[in-house]
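> One structure follows; several queries about it will come next.
The values are calculated or read from the model by the stated rules, or taken from the named source; none is laboratory data. Since the structure is predicted, the reported quantities are computational estimates derived from the model, not experimental observations. Please note: Cβ atoms are built from the backbone with ideal geometry, for glycine as well, and neighbour counts cover all protein chains shown.
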Amino acid sequence: MGRKGNVIYPSKFNSKYIVTHPDYEAGLKDILERSGRESDFSSKYKNRLRFLEERKKNCILRSKWFENLKQTDQIYAMIFDKSEKNIRILFSFIEYKERQYVVLLYAFEEKDRKGKSKTSYNTGIPIAEKRLKEVMEDEGY
């Protein structure tokens, strides 16, 4: 699979706490380039990343930005409003060998709340879970 990466798109975010799955940023880039909202999204994204880094699991207390998904106990969602194409970023908290961090796993544009299209949580969660498993295997879980 390759190594975890740092957040570099749409702008670099230096963090020892937040990392990305190798396939995560290509998906986000595809969404943003098609939308033409890259610059609008960037500042909101950085604000959420800062909040996540500061609050860690308590980030979900800000329910307009973060969500603890009921369908799974390992995957969380970072939320962007409809003016930002209703983008969702699925991520997970990892605690391993006395190290805690967040891994950003999968980005998608939510359009279909209940179906199995590529724009629904029903499709996004299994992709995020697969990517989480890959990261954990790389870590030696």
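> May I ask you to list the residues in segment 51-90 that are part of a loop (DSSP other than H, G, I, E, B), touching a residue at least 24 places away in the same chain (Cβ under 8 Å) and of a type in the set (K, R)?
K85
> Can you tell me how many residues in segment 31-45 are surrounded by 13 or more Cβ atoms within 10 Å (Cβ to Cβ) and more than 18 Å from Y76 (Cβ to Cβ)?
8
> Kindly list the number of the only condition in (1) farther than 19 Å from K133 by Cα; (2) at pLDDT below 90 that fails for R50.
(2) is the only condition that R50 fails.
> Which residue is nearest to V103 (Cα to Cα), if the candidates are limited to segment 1-46 and must be hydroxyl-bearing (S, T, Y) and part of a loop (DSSP other than H, G, I, E, B)? If you could, list the steps in order and put the result at the bottom.
Just the residues of segment 1-46 that are hydroxyl-bearing (S, T, Y), to begin with: 9, 11, 15, 17, 20, 24, 35, 39, 42-43, 45.
Right, trim to part of a loop (DSSP other than H, G, I, E, B) and you get 9, 11, 15, 17.
Details: Y9: 15, S11: 17, S15: 11, Y17: 8 Å.
Taking the candidates together, the pick is Y17.
> Under 8 Å between Cβ atoms, which residue pairs at least 6 apart in sequence (or on different chains) link something in segment 5-33 that is of a type in the set (G, A, S) with a partner that is at pLDDT below 90 and surrounded by 14 or more Cβ atoms within 10 Å (Cβ to Cβ)?
Taking only residues 6 or more apart or on different chains, the pairs are S11/S42; S15/V7.
> Which number in (1) within 18 Å of V7 (Cα to Cα); (2) touching a residue at least 12 places away in the same chain (Cβ under 8 Å); (3) of a type in the set (G, A, S) marks the one condition that S43 misses?
(2)
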